[in-house]
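All of the numbers you see were taken from the coordinates with simple rules; none came from a lab. Here the structure is a predicted model, which means the values were calculated and not measured. Reconstructed Cβ throughout: ideal geometry from the backbone, glycine too, with neighbour counts over all protein chains shown.
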Amino acid sequence: MSHLSRRQFIGAALGVGGVAMLPGLAFTATAQKAETPPTPAAIGSVLDKIKSQIEQWKAEGQQFKADPLDPENDEQWDRLVNYYFDRAAFSCISVNSANLCPSLKPVDQMMVMVQQMLGKDISFPMRGELAKASLGYGLGAVKDWFGLGSSDVKADFLLALVANSTEGNNFINNGLVTSGFLDPQKDNIVVWDVNHPTNYDAWMFRKATQKWGKNSIRTLQTKMFSQTVTAEERQKGMIPSDPQSEDDILLPLKALVDSRTKMATLSWQSNECGMLLPMDRIVHELRSVNKNIYIHADGAQTFGVLDLKLGKVDVDSMTGSFHKWPCGPKMVGIIYMNNKTGAAEKFAPSIWGYDEYINTPGDYGFDAAAGKIDPNAKRFSYLGQQNDATLVSTWMAALFHTGNFHPNVTPARIEARIHYLGDQAKNALYEHLPKIFPEFTPKTAYKWIATPTTNDTFRSSVFLFKTPDGIQAGDVMQHVYEQHKFAIANLKVKGHDLLRISPTFCNTSQDVHDVVAAIIDVIKAMKNNKLANNTHLRSYA
Ligand SMILES: Cc1ncc(COP(=O)(O)O)c(C=O)c1O
């Protein structure tokens with residue numbers, strides 16, 4: 001079917017009586033059923049059902065309106081946790097938000113509701129309504145969540161739903177040569193050595209396979225378990241893992257940037273060392289060295305963590321995943337493109353398909369044969385058939401984070417609560433680590449804890465730390481899961497075998513203290529040969 005004839009088909013299907021012409025009823029199981037087919041949903045009714053469910057959740061949430069949710073008020077946050085997560089049904093408590101989180105109940109329930117709707121009806125009229133829910137209302141709510149509500153640019157011009165941060169990051173690292181933005185023989189880009197592989201190795205892979213110049217990639221390096229670097233190291237672009245000031249980060253970074261630096265691409269918060277970068281200052285200072293530098297923030301560890309305020313923090317693009325900190329639906333992510341800087345046009349998307357409305361770029365007036373595609377974030381949303389249930393549920397995550405369900409939830413309160421849980425993680429580590437590292441002191445914590453501990457503004461709640469010599473972090477992770485029913489992570493970072501805990505608002509303060517106690521318990525048992533070592537050598541990012 002050509003795109004024109006398909007559009008005519010969709011137009012007819014969306015019109016009055018369109019539903020009646022749809023095939024499919026002949027496939028019902030029995031002849032008797034075929035004679036009395038279920039009545040197709042009336043146009044608009046699916047969206048109405050979704051909206052009325054939302055209204056119900058909003059009304060139910062009013063019972064919590066007297067809870068202001070101050071970060072340290074465990075009683076109020078525990079009430080929230082128990083209301084939005086079915087902890088009684090969990091066979092394991094996740095303290096691993098940097099990887100994956102349980103979904104909020106409204107997210108899960110909307111998933112089921114939409115799946116059931118799709119089980120009955122996968123017609124174009126039905127799917128058109130679901131697309132309106134996700135790309136229309138859903139992205140609109142995400143726009144508010146990101147502090148972009150006052151922008152008069154349409155939400156889907158700023159934001160695209162993608163599979164995950166992996167896909168978003170790869171749109172970036174795979175798209176800028178084809179577009180002509182980067183000349184890899186003459187220009188350079190800056191990456192950070194503790195970026196996620198999708199924003200580090202992926203660049204090295206492009207360089208190796210697309211024959212980029214020798215100096216096309218410059219690396220900001222991290223001196224692990226250190227508070228200082230030498231003047232020479234700083235000049236070469238090295239930062240200590242426990243910076244004492246913003247300058248400890250800014251000066252080495254600026255030393256790598258020159259007039260041919262087209263892009264700096266950094267984890268806003270690193271999953272590998274827990275450092276939270278002062279992104280606002282980075283953007284200003286790098287642009288003062290080179291006003292055209294493009295800044296990509298990998299927000300996998302900041303989306304659903306920070307009150308992002310993207311209208312103010314002027315990054316060119318950001319990626320994130322709903323299934324991590326926001327406790328949204330699984331396998332859906334977001335890419336933000338700053339329209340003020342014309343960010344999207346610098347990338348030729350590697351996927352050319354159609355969107356949730358079953359429209360190609362051609363349907364929006366961009367001629368494929370002439371190499372045209374939307375100049376905004378929408379160019380990244382032509383991904384073909386996707387799971388409508390997942391996409392619609394992103395709207396529920398955004399409604400939760402903007403206080404539409406639980407009245408006093410705001411992105412700022414979520415940020416403060418997560419930071420507070422990070423305080424709890426730090427306190428618990430300070431209390432328990434001396435039991436396995438007798439030399440440990442709070443002043444020298446940086447020798448064992450990779451996450452910045454001197455200056456609390458350089459972290460939220462991603463904590464990475466060492467295990468004693470000879471104790472495999474992978475085994476600790478496995479035993480903590482089997483013996484204590486906590487999900488944590490183990491990672492190899494620059495030759496160090498590390499454990500990671502990363503609590504978010506779905507955790508209680510008690511979880512944080514209990515998981516650290518469980519880790520110490522397991523390590524002691526391993527040291528006493530009561531639990532096996534050297535069995536689980538795989539590590540995770
Ligand atoms: C900084 C960072 N970027 C990207 C990713 C990839 O995220 P996803 O698995 O959701 O694609 C991760 C995952 O841990 C990450 O930590």
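Quote the FRET efficiency, to the nearest 0.05, computed for Lys340 versus Gln185 with a Förster distance R0 of 25 Å and r equal to the Cβ-Cβ distance.
0.25
Which percent, to the nearest 5, of DSSP beta bridges fully inside the chain are antiparallel?
50 percent
Kindly provide the helix-only [θ] at 222 nm of the chain, computed as the sum of -39,500 (n - 2.57) over DSSP H runs of four or more divided by all residues, to the nearest 500 deg cm²/dmol?
-11000 deg cm²/dmol
Would you calculate the separation in nanometres between label points at Lys435 and Thr230, each defined as 7 Å from the Cα along the Cα-to-beta-carbon direction?
4.0 nm
How would you rank Glu431, Glu75, going from fewest to most other Cβ atoms within 10 Å of each one's own Cβ?
The fewest-first ordering by Cβ neighbours comes to Glu75, Glu431.
Relative to the Cα centre, what is the charge dipole magnitude of the chain, using +1 at the beta carbon of each Lys and Arg, -1 at the beta carbon of each Asp and Glu, and rounding to the nearest 20 debye?
Taking the Cα centre of the chain as origin, the dipole is about 1100 debye.
Take every Cα-Cα pair in segment 154-384 and report what % of them are more than 26 Å apart. Numbers along the way, then the final one.
Numbers: 9465 of 26565 pairs.
Counting every Cα pair in segment 154-384, those more than 26 Å apart make up 36 percent.
Size of the chain along its principal axes in angstrom, Cα-based, largest extent first?
Extents along the principal axes: 78, 57, 46 Å.
Compute the FRET efficiency between Asp70 and Thr454 as 1/(1 + (r/R0)^6), taking r as their Cβ-Cβ distance and R0 = 22 Å, and round to the nearest 0.05.
Numbers: r = 26 Å, r/R0 = 1.16.
So the FRET efficiency works out to roughly 0.30.
If you average 1/r over all unlike Cα pairs in segment 200-252 and invert the result, what Kirkwood radius do you get in angstrom?
Here the Kirkwood hydrodynamic radius works out to 12.3 Å.
Tell me, what HN-Hα J-couplings in whole Hz come from the Karplus equation 6.51 cos²θ - 1.76 cosθ + 1.60 at θ = phi - 60° for each residue of segment 152-157, using x for Gly and Pro?
Rounded to whole hertz, the list is 8, 6, 4, 4, 7, 8.
Please identify the trypsin sites (Lys or Arg not before Pro) of segment 307-410 that satisfy two criteria: DSSP loop assignment and at most 11 other Cβ atoms within 10 Å. Which are they?
Passing sites in segment 307-410 are Lys312.
Going by C-beta contacts inside 10 Å, put Thr319, Thr402 in order with the fewest on the left.
Lowest to highest Cβ neighbour count: Thr402, Thr319.
In nm, to one decimal, how far is the modelled label at Gln385 from the one at Asp152, with both set 7 Å along Cα→Cβ?
Reported label-point gap for Gln385 and Asp152 is 4.1 nm.
Sort out for me the Cα centre separation of segment 96-118 from segment 276-331, rounded to whole Å.
Taking the Cα centre of each part, segment 96-118 and segment 276-331 sit 25 Å apart.
Working from the alpha-carbon coordinates of segment 391-450, get Rg over Rh, Rh being the Kirkwood radius.
Expressed as Rg/Rh, it is 1.27.
I need two numbers for segment 411-527: Rg to one decimal and Dmax as a whole number, Cα atoms only, in Å.
Reported Rg and Dmax, both Å: 13.5, 43.
Report, by chain and number, residues whose modeled amide H sits under 5 Å from the one on Leu220, excluding near sequence neighbours (fewer than 5 apart, same chain).
Under 5 Å from the amide H of Leu220 lie the amide H atoms of Val191, Trp192, Asp193, each far enough along the sequence or on another chain.
Taking the Cα atoms only, what angle lies between the long axis of helix 74-84 and the longest principal axis of the chain, rounded to 10 degrees?
Here the helix axis deviates by roughly 40 degrees.
What FRET efficiency comes out for the pair Asn528/Lys494, r = Cβ-Cβ distance, R0 = 35 Å, nearest 0.05?
Rounded to the nearest 0.05, the efficiency is 0.70.
Only four residue types carry charge here, +1 at the Cβ of Lys and Arg and -1 at the Cβ of Asp and Glu. Report the dipole size of segment 154-384 about the Cα centre in Debye, rounded to the nearest 20.
That gives a dipole near 460 debye.
Please list, in chain and number order, the residues 5+ apart from Val162 or on another chain whose amide H is under 5 Å from its amide H, with Hs placed from the backbone.
Distant-sequence amide H within range of Val162: Gly333, Ile334, Ile335.
Going toward the positive end of the dipole of segment 432-524, with +1 on Lys and Arg Cβ and -1 on Asp and Glu Cβ, which of Thr508, Gly495, Ile519 do you reach last?
Checked the options; the winner is Gly495.
For the ranges 438-446, 212-220, what's the packing order if you count other beta-carbon atoms within 10 Å of each residue, average per peptide, and put the highest first?
Ranking, from highest mean packing down: 212-220, 438-446.
Show me the ranking of peptides 468-480, 162-174, 79-91 by mean Cβ neighbours inside 10 Å, starting with the highest.
Going from most to least packed, we get 162-174, 468-480, 79-91.
For segment 514-522, in order, what is each residue's ³J(HN,Hα) by Karplus, 6.51 cos²θ - 1.76 cosθ + 1.60 with θ = phi - 60°, in whole Hz (x at glycine and Pro)?
In residue order, the calculated couplings are 5, 5, 5, 4, 5, 4, 5, 4, 5 Hz.
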